[in-house]
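The values are calculated or read from the model by the stated rules, or taken from the named source; none is laboratory data. In this text, all values refer to a predicted model and were calculated from it rather than measured experimentally. Here the Cβ positions follow ideal geometry from the backbone for every residue, glycine too, while neighbour counts run over all protein chains shown.
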Amino acid sequence: MAKGESITQWNKSGDTSTLRNRKSFPTSAPNTPVSKGQSCPTGNDAQSSNGTSAQFSSRLSDRHMCTVLLVLVVGLSFSTRLYKITEPPHVCWDETHFGKMGSYYINRTFFFDVHPPLGKMLIGLAGYMTGYDGTFPFMKPGDKYEHHNYWGMRGFCAVLGSLLPIFAYLIVLELSRSETAALIAASLLIFGLAACSRPVEHKAVINVLLTDTGCITISQYILLDPILMFFIMAAVLSMVKFNQQVYRPFSASWWLWLVLTGVNLAGALGVKFVGLFVILLVGLNTVWDLWRLLGDLSLSLVDIAKHFLARVVGLILFPLFFYVTVFAIHFVVLNKSGPGDGFFSSAFQSRLIGNNLHNASMPEYLAYGSTITVKNLRIAGGYLHSHWHLYPEGVGARQQQVTAYLHKDYNNLWLVHRQNSNESQSPTPDLVRHGDIIRLEHKETTRNLHSHLHEAPLTKKHFQVTGYGNNGTGDANDLWQVEVCGGQKGDLVKVLRSKVRFLHRATGCVLYSSGKTLPKWGWEQVEVTCSPYLKETPSSQWNIEDHINPKLPNISLSVLKPHFLEILLESHIVMIRGNSGLKPKDNEMNSKPWHWPINYQGLRFSGVNETEYRVYLLGNPVLWWMNLASLGLYLIMVAVASVALQRGFSLSQKRKEHSHVLMRGGGLLLLGWLLHYAPFYTMGRVLYYHHYFPAMLFSSMLTGITLDILLKSADLLLRPPYSDWLQRAGQLVLLFTVLHSFYLFHPLSYGMTGPLAHEPGSSMAGLKWMDSWEF
Amino acid sequence: RKTAVMLQLPLVVTAQVDLVLVLVSLLAFWTRLSRLSYPNAVVFDEVYYGQFVSLYMKRVFFIDDSGPPLGHMILAFGAYLGGFDGNFLWNRIGADYPSSVSVWSLRLLPALCGSLCVPLVYLLTLELNFSHLAALGAALLLLLENSLIVQSRFMLLESVLIFFVLLAFLSYLRFHNAPNSSWSRFSWLLLSGASCAAAVGVKYMGVFSYLLLLGVASLHTWNLIGDHTLNVCVQCVCRFMCLVVVPVLLYVFWFYIHLGLLSHSGPHDQLMSSAFQASLQGGLSRITQGQPLEVAYGSQVTLRSSASQPIPCWLHSHRANYPVRYENGRGSSHQQQVTCYPFKDVNNWWIIKDPGKQKLVVGSPPQPVRHGDVIQLVHGMTSRFLNSHDVAAPMSPHAQEVSGYIDFNVSMAAQNLWRVHISNREAESDVWKTILSEVRLVHVNTSAVLKLSGVSLPDWGFRQLEVVAEKLFKGHSSVLGWTVEEHRYGTSQEQKEREAELHSPTHIDIDRKMSFWAKFLELQWKMLTVKQEDSEHKYSSSPLEWITMETNIAYWLHSSTNAQIHLIGNPVSWGVANLSLLAYQLLAAVYLVRRRRGIKDLPDAVWCRFSCLGCVCVGGWVVNFVPFLLMEKTLFLYHYLPALCYLYVLSPALLEHAHTHLLSSAIQRQALGVCVSAVLLTVFLSYRNFCPLTYGSPELSANQLQGLRWRETWDILYRHR
């Protein structure tokens, strides 16, 4: 059985390759049906039914048409995306972030972002190549670009965006062809039908993407999403192509598609962590594939091991290498101190030119009498800070505030004292050890770090931390026990490298930064408390960053320079924490995942008022609702098909093929949609409408397959000639709907001025179908 | 050895009693029920559930976001049986119960459920087609698990949840194993559905076990479709009814009882809508009883914000103006403050005025206000008009200030017209109705909407909540809605008389009912969305720590001695459970790969039994453990107990599998037998060892306690004397 299948598959893959290379024709079509004339329905001018004139010319024109269609798709795709690319000539929405980050690459300034660097590097590169000099500040949305060369960066994103419809076209073609392949070999009758009808159908699919206003809008600006979607689609396309190579393992094209899949996966992950979902999709597909190979008893275990290793190399090791390289370039390019420093650990900062830790030298071990700054280890935890302001009335005791502050400042300096303030006058000061009792005096105000049994201002279960005493004389509540995490009694405290906790002597609590922002009276700095819960968390761990002690020899901090893998790890932790730290604010209306498929609400890209040039990110509602409907339709169709198969009804060959396409091709796309959509329900971070776009790509392709099969099943209702007409009519109606809705909604993408949609004179008059749309 | 009683004529009773089962059950009752009223003090979360039990006894309405009401009701039922009157202040762990409280009855039902889990596990193993020895092993593991004993012996819900989950699986497997022909087996299916509903009704976590059971059931049903000897439709419909429809209805039924029981207003009223509150006795309904239904021109009303965040409040104004300059230097209109105030106050009264007329009394007949009408709102005590204008609001500068209009003669004309927009007019009516209608007030001049911003004003605003008017493009949001809560028809035109009228309570009498479904949906929605502040807890832990039992929980410490109760599992059984989980997965992987390569190690029936064991036990562990990894709430070790029970079923079954299918020689089998006996002995010894911490007696010395601290991370309390 396997052999027979492989022969047909050979034919089929030869067949597909003719489609692309136009070199050779499949040699096996011995069972060509005579009644060819009926097979190809009327309606396509390039392909009218030509009786018995051999399948040869019909195939030629099929391939011809496919090429024509592909060219058409390419042309339409590029023209819709590149049209009015320079409008509006000001910063739109998130361009303010990503454009700015592109500039940082050109200026080689270090910054922090929650996404991996590849996307921004490409933007920066595109800008650099097209003559943008990195001087535009990208301060806020609405700033005019004036003489700056911004079109290159936008154009780059738009070009990548234009490739999406083409990829979608090819993916759907591969998915459904692969499933109808056996059918092609079996009978040219059905091949004619399929070939004639499918391209038209696929064009509809493409139109779904081509004419989707949202998709256009999102690809026209300097954003990460077109780049991300490019890599996702490219990865899926290469995976599908790779699946096609199944009967030619280890051939050159097999390797090519395998490696391409890997590269694109790494690219997707390198742009945004959303790329993980497509990795999961490819991973599941690969596992399935390996499982299939394992069940193939004609393969020896050695063969299977080869297959396995090839995939490990192609899909894990190679992408990993690529991904790490991207980060290596990122760190090499960005070597100047910049706005992102504060997010990173002290060791990390020491590699940035211009940072005060760069090439700095200081005493290695913490000593009594030193002046220090203390940095909290949680992300954006800030430096321990105090200032000449008291806690207001009603907030604990009315003593001096102690906070955590993110910026470097004189008020971050603290003096380390012994418990019993008589400093030893010996030339070499004593070193602080694990378990020592110390007193921390604020250098600027001479108050001691103090805590007592009053509740903290925001975290009510913790104790308040204050500055107390005068000139270093306070009371027993000023004593703190130093504890090096993972250390033993007597261990020295290493500057920068040790994680230190400060246990309050009197109450037993631990110095803690809650991460909550204080109200105005606290200058919106971060709350510092003393937590009675002694669990080791980064919030209760601190490190000594600056350390000034003239009596001790300075050592160069270059010995602290972190290893590349350490930097890599740290930047990932910072990114992940930063991502989960993007919590929605209570008062803001934020987008919920269920809003997305129903197109509940879009995103305002630029412009609010009547006089401004407005661009609004909103999917073409007709298409999105059609996607949603066909998703439901797909589920019903699959359910019907699988129940029929399970029940053992005898189905015609054509129906079997259809249910196969539905289950395999459609299943893959449905899985892709689910993987790119469902995880958002569990995310606590703030979500935006544009997060749905990758899922939307899968949903659109699924629509293509579903509607195609639905229309092809028209003969369930009507007898043959009428069913063909119905099919044809359905395709035309679909095409017309798609084009017309694009015409209706195109101002959303290409910008609109004048009155808002609820007023009669607007270009969008009567199109505000949902109250929640804001145009 | 199956229990079966047959009645024959002449009267002969033949009975088969599984003595092992009986013995195990008796032991379970003994371990769980003995000395149940010791300690005679509030233990751990009893302090939490107790307050709800008290509220049930007093039939006072409450909202608890921790779970659906069935669990609370079961606890309350126990209290009811013991004659508890609800008069106990649940304020601190360790407080002694007075003699009037029957502690034994409070704890009886969870303890019974906990004891019944042991025979349930025994039967479940049998239904999974394993031997009586394996069943005995599972029952023993469960019997000697200290953490389960601790959790069962107090007024807590985990044991109840575990009981229902096990019952659901047992009855489903009974159904599945029964021959197709018998129709009585559907009673088992019905029981399974009912237990699922009960499990979900006790804790939301039950949902995951329910979903697993549905998954297994749908797989079985799917295989049924290919079977042409059956009437598939009838089978599917029956299963659907028993496993989906019945549980859903029962779940709603728990709420029906809950709402039926709690008929009095209470501390959580304010979270609910006015209509809901009005349906409770006392509280709002006492005030709103007999109010006129339709709001008319001249009506005196209080307007409650529909948002329950940050706190429920009423539109308010008072004789104080906005400061001329705010702290940050921005200017204000210096007109009278309008705020939202979370307490009942005479300053919450507003009068609806027809802009075209001067009078502030209701005409006869009253002229009702409808959707789209333009009105003015006059503050009852100060007679200022509700006004908004293009001045930035104090705390939310992007929005417009709302004030009580004072004419300072600075060419700032009054803009005090508001359009009434009834957002639920489809459901209710076009006429503005007290309590029922949710209204938006749209400012006519600027088309901004009156909105509660949720920010507190500083001291000059007496820390009340800020009210603004904001232009909104966005759709529905509860911060925009206002409902009339108190309402009466104004009769006095003179200011003095009116003030007196406002101070007097409202009167008259009509009854207003809310349908059960509306109440159910509102309550369920509120329970799922009410957010309580994340609280850290000294004994909270993360899910990954549960597997190795890194943490314990101190439940109770005697007020003067070292006697104490801890939630600590039996470390040996815990280890056995983890090992068997690992072993099963490895074994399953090996079998799967070998089968895929065409090597069948096991006969099909055995393979089927093996995979079914995995589906139920490993699947049960996964669905009861993995969701916690994604949760952000405070978690405790006891959340792991349901998952653990599945592993205790798995271990002996896996051993039996190894015994019959993996070990070939007699010597190996004997060795296995010896090992198992040794392990069981250690399980028993370790149970005995931790007994003092499980039962709270006898009291141990500090040294002995130190000896029980097997892990560094365990927190055992010592009292220094």
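Which pairs do you get when a residue that is surrounded by 15 or more Cβ atoms within 10 Å (Cβ to Cβ), found in the stretch A:625-643, comes within reach of a residue that is outside any helix (DSSP H, G or I) and not basic (Lys, Arg), reach meaning Cβ atoms under 8 angstrom, with the pair 6+ apart or on two chains?
Listed pairs, sorted by first residue: A:Trp625/A:Ile598; A:Trp625/A:Asn599; A:Asn627/A:Pro597; A:Leu628/A:Pro597; A:Leu628/A:Ile598; A:Leu631/A:Pro597.
For the stretch A:165-174, what are the residues that are at pLDDT below 80 and buried (at least 24 other Cβ atoms within 10 Å of the Cβ)?
We begin by selecting, within the stretch A:165-174, every residue at pLDDT below 80; these are A:165-166, A:168-170, A:172-174.
The answer is A:Pro165, A:Ala168, A:Tyr169, A:Val172.
For residues in the stretch A:498-541 being over 25 Å from A:His389 (Cβ atoms) and of a type in the set (A, V, I, L, M), which is surrounded by the fewest Cβ atoms within 10 Å (Cβ to Cβ)?
Taking the candidates together, the pick is A:Leu534.
Let me spell it out: the conditions are (1) crowded, with 19+ Cβ neighbours inside 10 Å; (2) hydrophobic (A, V, I, L, M, F, W, C); (3) more than 14 Å from every other protein chain (Cβ to nearest Cβ), and A:Leu618 meets all of them except one. Which number is the exception?
The one condition A:Leu618 does not meet is (3).
Residues to consider are A:Ser723, A:Ser699, A:Ser642; find the one that is among the polar types (S, T, N, Q), in a helix (DSSP H, G or I) and within 14 Å of chain B (Cβ to nearest Cβ).
A:Ser642
Assuming B:Thr446 fulfils every condition listed in (1) within 15 Å of B:Ser388 (Cβ to Cβ); (2) within 12 Å of chain A (Cβ to nearest Cβ) apart from one, which condition is it?
Evaluating B:Thr446 over (1) within 15 Å of B:Ser388 (Cβ to Cβ); (2) within 12 Å of chain A (Cβ to nearest Cβ) leaves (2) as the failure.
Has the stretch A:685-707 got at least one residue that is out of contact with any strand residue (DSSP E or B) (no Cβ under 9 Å at 6 or more places or on another chain), closer than 19 Å to A:Tyr600 by Cβ and of a type in the set (Phe, Trp, Tyr)?
Within the stretch A:685-707 (the criterion being out of contact with any strand residue (DSSP E or B) (no Cβ under 9 Å at 6 or more places or on another chain), closer than 19 Å to A:Tyr600 by Cβ and of a type in the set (Phe, Trp, Tyr)), the answer is yes, since at least one residue qualifies.
In the stretch B:306-320, what residues are away from chain A (no Cβ under 14 Å) and either assigned to a helix (DSSP H, G or I) or crowded, with 16+ Cβ neighbours inside 10 Å (or both)?
Hits for the stretch B:306-320 are B:Ser306, B:Pro312, B:Cys313, B:Trp314, B:Leu315, B:His316, B:Ser317, B:His318.
Scan A:Leu284, A:Leu357, A:Leu384 and give me the residue that is more than 30 Å from A:Leu552 (Cα to Cα) and hydrophobic (A, V, I, L, M, F, W, C).
On the way: A:Leu357 fails: more than 30 Å from A:Leu552 (Cα to Cα); A:Leu384 fails: more than 30 Å from A:Leu552 (Cα to Cα).
Every option except A:Leu284 fails the conditions.
Find the residue count for the stretch A:576-598, including only residues that are assigned to a loop (DSSP other than H, G, I, E, B), modelled with pLDDT under 75 and within 14 Å of chain B (Cβ to nearest Cβ). Talk me through it step by step, then tell me what you get.
Residues of the stretch A:576-598 that are assigned to a loop (DSSP other than H, G, I, E, B), as a first pass: A:582-592, A:596-598.
With the extra rule that they be modelled with pLDDT under 75, the set shrinks to A:582-590.
Subset that is within 14 Å of chain B (Cβ to nearest Cβ): A:583-590.
Qualifying residue count for the region: 8.
What are the residues in the stretch B:699-721 that are hydrophobic (A, V, I, L, M, F, W, C), under 20 Å from B:Trp546 (Cβ atoms) and assigned to a loop (DSSP other than H, G, I, E, B), if any?
B:Trp710, B:Trp714, B:Ile716
In this structure, is B:Val649 in contact with a Phe, Trp or Tyr (Cβ under 6 Å, 6 or more places away or on another chain) and closer than 22 Å to B:Ile162 by Cβ?
For B:Val649, the condition - in contact with a Phe, Trp or Tyr (Cβ under 6 Å, 6 or more places away or on another chain) and closer than 22 Å to B:Ile162 by Cβ - is not met.
Look through the stretch B:548-561, keep the residues that are surrounded by 20 or more Cβ atoms within 10 Å (Cβ to Cβ) and not aliphatic (A, V, I, L, M), and return whichever of them is nearest to the chain's Cα centre (by Cα).
Per the stated criteria, the residue is B:Tyr555.
Being part of a helix (DSSP H, G or I) and within 14 Å of another protein chain (Cβ to nearest Cβ) is true for just one of B:Leu211, B:Leu219. Which residue is that?
The unique qualifying residue is B:Leu219.
Taking the stretch B:588-605, which residues are away from chain A (no Cβ under 14 Å) and surrounded by 15 or more Cβ atoms within 10 Å (Cβ to Cβ)?
Within the stretch B:588-605, B:Ala588, B:Leu602 qualify.
Which of (1) closer than 30 Å to A:Val465 by Cα; (2) free of Cβ contacts under 8 Å to residues at least 24 places away in the same chain does A:Leu565 not meet, given it meets every other one?
(1)
Name the residues in the stretch A:624-676 that are among the small types (Gly, Ala, Ser) and either within 27 Å of the chain's Cα centre (by Cα) or closer than 23 Å to A:Val738 by Cα (or both), would you?
Selection gives A:Ala629, A:Ser630, A:Gly632, A:Gly665, A:Gly666, A:Gly667, A:Gly672.
Restricting to the stretch A:115-150, give me the number of residues that are surrounded by fewer than 19 Cβ atoms within 10 Å (Cβ to Cβ) and among the hydrophobic types (A, V, I, L, M, F, W, C).
Summing the residues that are surrounded by fewer than 19 Cβ atoms within 10 Å (Cβ to Cβ) and among the hydrophobic types (A, V, I, L, M, F, W, C) in the stretch A:115-150 gives 3.
Just one of B:Leu26, B:Leu89 is over 22 Å from B:Pro119 (Cβ atoms) and not polar (S, T, N, Q); which is it?
B:Leu89
In the stretch A:647-656, which residues are without any contact (Cβ under 8 Å) to a residue 60 or more places away in the chain and either touching a Cys at 6+ places or on another chain (Cβ under 7 Å) or surrounded by 14 or more Cβ atoms within 10 Å (Cβ to Cβ) (or both)?
A:Leu651, A:Arg655, A:Lys656
Which of the residues spanning the stretch A:657-689 are within 14 Å of another protein chain (Cβ to nearest Cβ) and assigned to a helix (DSSP H, G or I)?
Answer for the stretch A:657-689, where residues must be within 14 Å of another protein chain (Cβ to nearest Cβ) and assigned to a helix (DSSP H, G or I): A:Ala678, A:Pro679, A:Phe680, A:Tyr681, A:Thr682, A:Tyr689.
Could you please find all residues in the stretch A:504-526 being over 12 Å from A:Pro457 (Cβ atoms) and hydroxyl-bearing (Ser, Thr, Tyr)?
Scanning the stretch A:504-526 gives A:Thr507, A:Tyr512, A:Ser513.
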